[in-house]
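Read the structure below first, then the notes.
Bear in mind these aren't lab numbers, they're just calculated from the coordinates by the rules spelled out. Because the structure is a prediction, the values reported are computed rather than measured. Methodologically, a virtual Cβ is constructed for each residue, glycine included, from the backbone with ideal geometry; neighbour enumeration extends over all protein chains shown.
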Amino acid sequence: MSRNRIALAATAASACAALLFVAQPATASAAPQAAAPQAAGPYGCVPQGQTGLYLSKEGEATLTYSTEFVSALRKQNVRTEAVAPNSLKSDGRSMLIPIGEKYDNIELPSGRVCYPGGMKWTNPATDATYEVDDFWIKFEAVGNSKVFTTPNINGTPRAGGELNLANFTVAQALTTGQFVPHNGGIGPKRVTFTIDAEFARDLNRTLGTDLKAGDPWATLDIAWKGVPSRALPSFNTPELAGLGRISEALGAAQSLPNPFGAFGQQ
């Protein structure tokens, strides 16, 4: 849910990344890790009662749709909803997304991260619906990171299968002054997502909107909280390099003297 540089000191980040995951066995030289939990739970990514492979034990995120995106929907009187476990705030444009190992999972070896639930848009004039139920984020160390999903269009899985919803960069998320302690955890306070061409075409055809590739879609505020229960893999592969950047930043924050209460305590 792109990052050539972390504005945190590289040496400190590397050293502190080790601190963040102290006492967790290394997996780099071990046999390939078992596949991520399959979509069997009430929301998809992690079966109920199980623990996913994720960067933090828990946390919270808020996705706020851009003014441009909201205006395009309102022109067609399109109704916006959230798909559980996400919930729409009273402003109708901000969505609360619970995160953490009870919900999210890093798929190996692809490095994609599964987030359950999503969002739904309905055009009341035509009864057309476009629903995202579970999505995947591929964090890339260089270039665009992407948000993938296979949406349901009018209640049926998209004929063309999976598509990319939006693009963003890890580099922006890790900018100095941006990746900071807040909401009881640590993470970027504002990451900008832009609409991908496929997603724009899909919404225009289904809902009658007039969106274009590259239009602002939303901003994300995310705060990771607590050391994960499961040992994280080595991030020394191209597929996992983007996640490795975030892991290093979390490690650097962990080294600060009690920066935000109980973060890092199991």
Contour minus Cα-Cα distance for residue 205 and residue 110 (0.36 nm per residue)
31.1 nm
With a 10 Å radius around each residue's Cβ, average the other Cβ atoms per peptide and rank 191-198, 160-167, 88-95, highest first.
191-198, 160-167, 88-95
At what distance in nm do the modelled label points of residue 48 and residue 212 sit from each other, each positioned 7 Å from its Cα along Cα→Cβ?
4.7 nm
Roughly what would the spin-label model give for residue 88 and residue 158, points 7 Å off Cα along C-beta, in nm?
2.0 nm
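With Kirkwood's inverse mean 1/r over C-alpha pairs for Rh, give me the Rg to Rh ratio of the range 142-200, two decimals please.
With Rg and the Kirkwood Rh in hand, the quotient comes to 1.13.
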How are the Cα pair distances of the range 146-253 distributed, in percent, across 10 Å bins from 0?
13, 34, 30, 20, 3
For residue 57, the lysines lying under 22 Å Cα to Cα, once residues fewer than eight places off in the same chain are dropped, come out as 102, 138, 189, 225
